[in-house]
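Participant: Have a look at this one before I ask anything.
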Amino acid sequence: MRSTIALEDVATKLEVSVSTVSRALRGVPGIHPATRQKVMAEALRLGYVPQRRAGANEARAVRARQILVLSAGSSTPGGYLHGLSGAASEAGVTLQMHHTPLDKCMELLRPGSCPPSLRDKSCDGVILIYHWPTEIVAALSGGFPVVSMMHDYAGSAIDVVGIDSFGGMKDIVRNLAALGHRRIGFYGLMPEISWARDRFGAFAEAIVAEGLTLDMEQVVSISHVPNDPHPFEAQEHAASRVEAGVKSGVRAWVAADDFLGYRLGEALIRAGLSIPRDVSIAGFHRHAYVHASSVPVLTSTEVDNENIGRLALRQMLQRINGDKGPPLVLRAPAKFAAGESCAAAS
């Protein structure tokens, strides 16, 4: 389907020339990295999809590219794959999909577990979905261009396509404040996980911006155990801390992710609390396939997962085409999405 967004729209928004936008999106040398990142981010925000007009020789060369997509843990990456597949079809690129359970991720490069295109180095690049062990990411980035979805890995020079946590979290906290909540807790800080740290940082900034007090006693951490096949299961002691917080007057909580938000909601309902009568819960990053029947639909944020997949594929092609610039972090907008889980403070 042809995009309704043109290069001119991106150029106008950023007040740069159309040629600058075109060169930035194609990875042509000579564009300042900061400018290229702004162009890529704005193109993502607007939903721009490039139209290929390659000659026969170029088309044959692009079709020969093989990109390996490694998915860890969840077997339902949904919109990410739709976006990757659509962008790959438009670019004439072949995707190879390899799924690994979380408890087997450390074995990826061992004989018998290693995908053939990694073993014989026939793939041109690797796209990571979900969280992989740092050691595996370091090994992959030493031999291939790597683009990661959602997760940043300290020490690995790879590109990351993530979410604008600050914009989305600002709207969630502002909504709770407008409902009269003056004490708001945060559930699901995982120091080992980059997006959880990012969303907590955004939460803290939003709390301060609203003139509220950040109470670290009402920030509940959850330990992420490497290779745990169920890393996002709400731990009973963590949920009990939220229950105690509710009883002390903290009637609104923001979860770092919708998965965590629903599991927290289930735990609080088992404890005899009603949502949102007794406690309001907001999540972050809504997924169509994530909903617990006993918990009202969470107020959350909506993210265009397909566009994240498209951007990851586009950035990978930039690297394959010879872009040697510094690693980029590109962020997709997170739009406020009202649900049924938040009510006025009592």
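The values are calculated or read from the model by the stated rules, or taken from the named source; none is laboratory data. In this text the structure is predicted, and so the values were computed from the model without any measurement. Using ideal geometry, Cβ is built from the backbone for each residue, glycine included, and neighbour counts are taken over all protein chains shown.
Participant: Could you say whether any residue in segment 252-271 is closer than 23 Å to ALA332 by Cα and assigned to a loop (DSSP other than H, G, I, E, B)?
Facilitator: Within segment 252-271, one or more residues are closer than 23 Å to ALA332 by Cα and assigned to a loop (DSSP other than H, G, I, E, B).
Participant: Sticking with this one: For segment 169-189, give me each residue that is modelled with pLDDT under 95 and in contact with a Ser or Thr (Cβ under 7 Å, 6 or more places away or on another chain).
Facilitator: Selection gives LEU189 alone.
Participant: Here's another thing I want to ask about it. Considering only segment 287-303, how many residues are at pLDDT below 90 and under 24 Å from GLY168 (Cα atoms)?
Facilitator: Qualifying residue count, segment 287-303: 6.
Participant: Quick one: count up the residues across segment 210-228 that are touching a Lys or Arg at 6+ places or on another chain (Cβ under 9 Å) and modelled with pLDDT under 65.
Facilitator: 1
Participant: Would you point out the residue of segment 84-115, among those that are part of a strand (DSSP E or B) and polar (S, T, N, Q), that is farthest from the chain's Cα centre (by Cα)?
Facilitator: Once the filter is applied, the top-ranked residue is THR94.
Participant: Now for a different question. Would you check if GLU306 is farther than 21 Å from ALA344 by Cα, acidic (Asp, Glu) and in a helix (DSSP H, G or I)?
Facilitator: Yes.
Participant: Which of the residues spanning segment 191-223 are assigned to a helix (DSSP H, G or I), free of Cβ contacts under 8 Å to residues at least 60 places away in the same chain and not aliphatic (A, V, I, L, M)?
Facilitator: Selection gives SER194, ARG197, ASP198, PHE200, GLY201, PHE203, GLU205, GLU217, GLN218.
Participant: Also: Filter segment 157-215 down to the residues that are of a type in the set (Ser, Thr, Tyr) and surrounded by fewer than 21 Cβ atoms within 10 Å (Cβ to Cβ), then identify the one that is farthest from ASN307 (Cα to Cα).
Facilitator: The qualifying residue farthest from ASN307 (Cα to Cα) is THR213.
Participant: Quick check: is even one residue across segment 246-254 farther than 28 Å from LEU81 by Cβ, aromatic (Phe, Trp, Tyr) and assigned by TED's automatic domain parsing to the domain that holds PHE186?
Facilitator: Checked segment 246-254: at least one residue is farther than 28 Å from LEU81 by Cβ, aromatic (Phe, Trp, Tyr) and assigned by TED's automatic domain parsing to the domain that holds PHE186.
Participant: For segment 116-140, which residues satisfy the criterion of being surrounded by fewer than 19 Cβ atoms within 10 Å (Cβ to Cβ), assigned to a loop (DSSP other than H, G, I, E, B) and on the phi < 0 side of the Ramachandran plot?
Facilitator: ASP120, SER122, PRO133
Participant: Given the conditions (1) part of a loop (DSSP other than H, G, I, E, B); (2) in contact with a strand residue (DSSP E or B) (Cβ under 8 Å, 6 or more places away or on another chain); (3) not aromatic (Phe, Trp, Tyr), which single one is not true for ARG277?
Facilitator: Condition (2) is where ARG277 drops out.
Participant: SER71: out of contact with any Phe, Trp or Tyr (no Cβ under 7 Å at 6 or more places or on another chain) and either in contact (Cβ under 8 Å) with a residue 60 or more places away in the chain or polar (S, T, N, Q) (or both), yes or no?
Facilitator: It is false that SER71 is out of contact with any Phe, Trp or Tyr (no Cβ under 7 Å at 6 or more places or on another chain) and either in contact (Cβ under 8 Å) with a residue 60 or more places away in the chain or polar (S, T, N, Q) (or both).
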